[in-house]
Amino acid sequence: MRITQTRHFRGRFTLPGDKSLSHRLAILGALAHGESRLSNFSTADDCGATLRCLEALGVEARHQDHSVVVVGRGPESLRASAAPLDAANSGSTLRMLAGVVAARPFRTVLTGDASLRRRPVERVAEPLRTMGARLTSSDGRPPLVIEGGPLKAMTWAMTTPSAQVKSAVLLAALQAEGRTTVVEPAATRDHTERLLPAFGVPVEVKGAAVSVQGGATLQPVAFDVPGDVSSAAFLVVAGLIVPDAFIHIENVLLNPRRTAFLDVLRRMGAHIEMGIRTRDPEPVGWIEARSSRLEGAEVGADEVPALIDEVPVLAVAAALGHGELVVRGAAELRVKESDRIATLAEGLRRMGGAVDEHPDGLTVHGRAKLTGASVRSHGDHRIAMALAIAGLAADGETEIEDAGCIAVSFPELPSLLDRGRQAER
Ligand code: S3P
């Protein structure tokens, strides 16, 4: 992918459905009894992987226009897959489905691409073992072999903040005997807790503890998935760093456990406005951003889970600003689709940025300018997209190697960037 510098970036955007919500809706729809219609379902390859894995377990899923119809026949209807389930690049698919199949009386092998096979899975295997399933990882990594069976409820104090692990335990808990409680060390995205009541399952949230009762019957839903807020982050930063820029994004997810990047950008001096139009079960509304002079900010462990996927694009904003962005308490970045601390530092440095790496984060020294260069995505969609945004403001031309991975979460980004820069001035 080649990007040249632009002076203008404008437009009104609506985005395909949020990836985190789409994974959960597909899985809960498969566990329900009846047809769930999920409109504006995510177009991300990751969510395609979830649908294919569900199909391999015997679930019917039909694409109709921009909707996906999932035909749920209850957890008991799931069947063993002869072949390993391939989660491709998607950690959410692998970890959440581990929670689903841990309760089923058959063997499942969960695996993925080379990147996913390097990522940790014991964090999900351990709690599911405690509930009574047998799981074997390969030295802590996929393939994950699961011998499922009847599960017992439990109380589980998580050590790593992870919404994927919390969700896996809750999905197992739905099929367990008794009441399960998960306690999180820091607030992570709460989509599973918010969606379960829409499927007719009560959830109790008390501080950091989330509890569900096993044995509930899920009702199907009709759900219009709001636009992906993590994808929106790339357009928002484009709307800040290009000299003549204004963007408006309509119908986007605004869950506060996903929007901390907007708070940080505002602390950096960004002109961002937003408004909520509906709140239940998820806050949804609009965001506007315009060209801004950016300063620095500090981000610590408490805030990190609510912006973990947005660190790459925040670092780009900071590199084009005039202050220092310091991110700490974010060691999880090292075990994402790539080691995002290292791959981000490499990409920004190649463009003339000044970045210090820390074991648990990074410091970006704003230099107000970047220079086009040949940079590598390392097969990581968010690194490719962050560097593409940097390319809009960098002198000359930026070439991103292996940018096809953008389709993992936001296949429309390249064409939307073209649209934004060509919009009438
Ligand atoms: C996600 C949770 C986060 C996030 C990932 C999606 C989810 O991962 O980075 O992109 O949908 O639950 P962890 O649960 O590993 O923190």
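The values are calculated or read from the model by the stated rules, or taken from the named source; none is laboratory data. The shown structure was predicted, so the numbers you read here are calculated from the model rather than taken from an experiment. Here the Cβ positions follow ideal geometry from the backbone for every residue, glycine too, while neighbour counts run over all protein chains shown. Note: accessible area is taken over every heavy atom of the protein model, side chains too, but ligands, DNA and RNA are not part of it. Shrake-Rupley method; radii C 1.70, N 1.55, O 1.52, S 1.80 Å.
Within the set Glu60, Glu55, Glu76, Glu147, the sole residue that is in the same structural domain as Ala187 (by TED's automatic domain parsing), more than 25 Å from the chain's Cα centre (by Cα), under 20 Å from Leu31 (Cα atoms) and free of Cβ contacts under 8 Å to residues at least 12 places away in the same chain turns out to be Glu76.
Here the strands (runs of 3 or more DSSP E) wholly within the stretch 44-156 that include at least 3 residues being buried (at least 19 other Cβ atoms within 10 Å of the Cβ) are 67-73, 107-111, 141-147.
Annotation for the stretch 375-386: at least one member residue is buried (at least 24 other Cβ atoms within 10 Å of the Cβ), in contact (Cβ under 8 Å) with a residue 60 or more places away in the chain and β-branched (Val, Ile, Thr).
In the condition set (1) touching a residue at least 60 places away in the same chain (Cβ under 8 Å); (2) over 27 Å from Pro161 (Cβ atoms), Thr371 is compliant with all but (1).
The residues on offer are Asp244, Asp263, and the sole one that is more than 16 Å from the ligand (Cβ to nearest atom) and either open to solvent by less than 60 Å² (accessible area, probe 1.4 Å) or small (Gly, Ala, Ser) (or both) is Asp244. Is there a residue in the stretch 267-279 that is in contact with a helix residue (DSSP H, G or I) (Cβ under 7 Å, 6 or more places away or on another chain) and among the small types (Gly, Ala, Ser)? Within the stretch 267-279, one or more residues are in contact with a helix residue (DSSP H, G or I) (Cβ under 7 Å, 6 or more places away or on another chain) and among the small types (Gly, Ala, Ser). Checked across the stretch 25-33, the condition of being over 23 Å from Leu170 (Cβ atoms) and assigned to a loop (DSSP other than H, G, I, E, B) holds for no residue.
Each row is one residue, and each column tells you yes or no for (1) over 24 Å from Glu399 (Cα atoms); (2) over 18 Å from the mean Cα position of the chain (by Cα); (3) not aromatic (Phe, Trp, Tyr).
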position: Pro283; (1), (2), (3): yes, no, yes
position: Pro305; (1), (2), (3): yes, no, yes
position: Val327; (1), (2), (3): yes, yes, yes
position: Gly366; (1), (2), (3): no, yes, yes
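Has the stretch 137-159 got at least one residue that is within 14 Å of the ligand (Cβ to nearest atom), closer than 24 Å to Ala306 by Cβ and not β-branched (Val, Ile, Thr)? Checking the stretch 137-159: at least one residue is within 14 Å of the ligand (Cβ to nearest atom), closer than 24 Å to Ala306 by Cβ and not β-branched (Val, Ile, Thr). Annotation: Asp309 fulfils all but one of (1) of a type outside the set (Phe, Trp, Tyr); (2) over 19 Å from the mean Cα position of the chain (by Cα); (3) open to solvent by 20 Å² or more (accessible area, probe 1.4 Å); the unmet one is (2).
From the list Ser20, Ser36, the lone residue that is among the hydroxyl-bearing types (Ser, Thr, Tyr) and open to solvent by less than 10 Å² (accessible area, probe 1.4 Å) is Ser36.
Here the stretch 326-342 is the region considered, the condition is being on the phi < 0 side of the Ramachandran plot and part of a loop (DSSP other than H, G, I, E, B), and the residue that is nearest to the ligand (Cβ to nearest atom) is Lys336. Taking each residue of the stretch 181-194 that is within 12 Å of the ligand (Cβ to nearest atom) and looking for partners that are open to solvent by 30 Å² or more (accessible area, probe 1.4 Å) and not in a loop (DSSP other than H, G, I, E, B) with beta-carbon atoms closer than 7 Å, six or more apart or interchain, yields Glu193/Val205.
Can you confirm whether the stretch 296-306 contains a residue that is among the small types (Gly, Ala, Ser), within 14 Å of the ligand (Cβ to nearest atom) and on the phi > 0 side of the Ramachandran plot? No, there is no match, as no residue in the stretch 296-306 is among the small types (Gly, Ala, Ser), within 14 Å of the ligand (Cβ to nearest atom) and on the phi > 0 side of the Ramachandran plot.
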